[in-house]
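Structure, as structure tokens:
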Amino acid sequence: MNIKQSPIINPEDLIILNQTEEIVLIDASAGSKTKYETIHLEGALYIDLDSDLADIKDFAIGGRHPLPTFEQFASVLRRFGIAKNSYVIVYDDKNAGNAAARFWWMLRAIGHEKVQVINGGFDAAITAGFPTSAKIETSKTVEPYEILAWNLPLANITEVEKVAKTDDHIVIDVRDAKRFAGLTEPIDTIAGHIPGAINIPFTENLDANGLFLSPALLKEKYTDALANVKSENVIVHCGSGVTACHTLLAMDYAGLEIPKLYVGSWSEWSRNNKEMVLNK
């Protein structure tokens, strides 16, 4: 019987794994390439959220971080030495692991199962004793990675508009409570939220130390929040389709079905003259 691999790896287990298996270690710290060039986990390659994990164009079409094409993503994976059988470990310099979760979701969505996110990220790994380096690492040469589809469920702006206010669907906004309420908006042009959406900030997936809650606690949390709604009728979004992946990661860690991701999120919705709840 195959045992499903956890999407989360604790730093202490990573240290052991690094001594026993060949891994591809990825630093996905958003906007932190300069920091990477100064210090990163030994052996890690730097992946850029904007240029490697998104195909940024018009924010009104797909939001601030739309998914790349299959060809673009396949090229990225080959450049980073990731083949279909690679064991990928990803982290970022935020203990919440937002950008790391985005890369995790993208790999899982193309059917890549051997990928885990470091619990607590960069700081937790260092605290546990994982070695660091300032060396610019190089990737190994691998065969092209064939990508045929996003196999995890997605929702688009049309579907969200159709179902957000219905009783048999739930749209979860994982941004912080002030952004959801329309009291502040540090990134997008309009503050507010999608009508009918509920707010479960992604930070609630973590304990006081910035580590993921136990699978049991996460399962209880989301089972209660999504009671009486089928998993296929749950849509998760954020500002630009990045931090939403943190909640998808948490739900997978809890042993729940991974719901739909609305990649365009608030950054797309707020630029398309859709109905909005403002300054609630």
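Each reported figure results from applying straightforward, stated rules to the coordinates on display, with no laboratory input. On a predicted model such as this, the values are computed, not experimentally measured, just so you know. Glycine also receives a Cβ, built like all others from the backbone with ideal geometry; neighbour counts cover every protein chain displayed.
Give the shape of region 154-269 as rounded, prolate or oblate, defined through the alpha-carbon gyration tensor: a ≥ b ≥ c are the square roots of its eigenvalues, a/c under 1.5 means rounded, and otherwise the shape is prolate if a/b is larger than b/c and oblate if not. Display every interim value, and only then the final one.
On the way: a/c = 1.84, a/b = 1.20, b/c = 1.53.
Verdict is oblate for region 154-269.
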Simple label model, 7 Å out from Cα along Cβ direction - Lys162 to Ile56, nm: 3.2
Semi-axes in Å, largest first, for region 141-211 (Cα gyration tensor, √(5λ)) are 28, 21, 14
Label-point separation, Asp224 to Asn209 (7 Å along Cα→Cβ), nm: 2.3
Evaluate the distance, in nm, between pseudo-label points positioned 7 Å from the Cα of Arg78 and of Ile15 along their respective Cα→Cβ axes. 3.9
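Rounded if a/c is under 1.5, else prolate if a/b is larger than b/c, else oblate: which is region 102-177, with a ≥ b ≥ c the root eigenvalues of its Cα gyration tensor?
Numbers: a/c = 3.47, a/b = 1.60, b/c = 2.16.
The shape class here is oblate.
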Principal axis extents for region 39-88, Cα atoms only, whole Å, descending order, please. 38, 28, 14
Debye log10 I(q)/I(0) for the chain, one point scatterer per Cα, at q = 0.06, 0.12 Å⁻¹: -0.18, -0.73
Would you mind pulling out the separation of the Cα centroids of region 113-179 and region 1-59, in Å? 11
Top positive-direction residue, dipole computed over region 8-133 with Cβ charges, set Gly43, Leu67, Tyr87: Leu67
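Using DSSP to define loop residues, name the GluC sites (Glu not before Pro) in region 24-93 whose beta-carbon has at most 15 other beta-carbon atoms within 10 Å.
Details: sites: Glu37, Glu42, Glu71; in loops: Glu42.
Sites meeting the loop and neighbour criteria: Glu42.
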What Kirkwood radius, in Å to one decimal, follows from the Cα pairs of region 216-265? 11.0
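If R0 is 22 Å, what FRET efficiency do you get for Ile190 and Leu154 from their C-beta distance, rounded to 0.05? Spell out each step's value before the answer.
Working: r = 24 Å, r/R0 = 1.07.
With R0 = 22 Å, the Cβ-Cβ based efficiency is 0.40.
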Spelling out what I want: for every residue of region 226-242, take phi, set θ = phi - 60°, compute 6.51 cos²θ - 1.76 cosθ + 1.60 (Karplus), and round to whole Hz; glycine and proline get x. 10, 4, 6, 10, 5, 4, 6, 9, 9, 10, 10, 8, 8, x, 8, x, 10
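Give the whole-number value, in cubic angstrom per residue, of the convex hull volume spanned by the C-alpha atoms of region 54-152. Don't skip to the end; give the middle numbers.
On the way: hull volume 12.5 nm³, N = 99.
It comes to 126 Å³ per residue, whole-number rounded.
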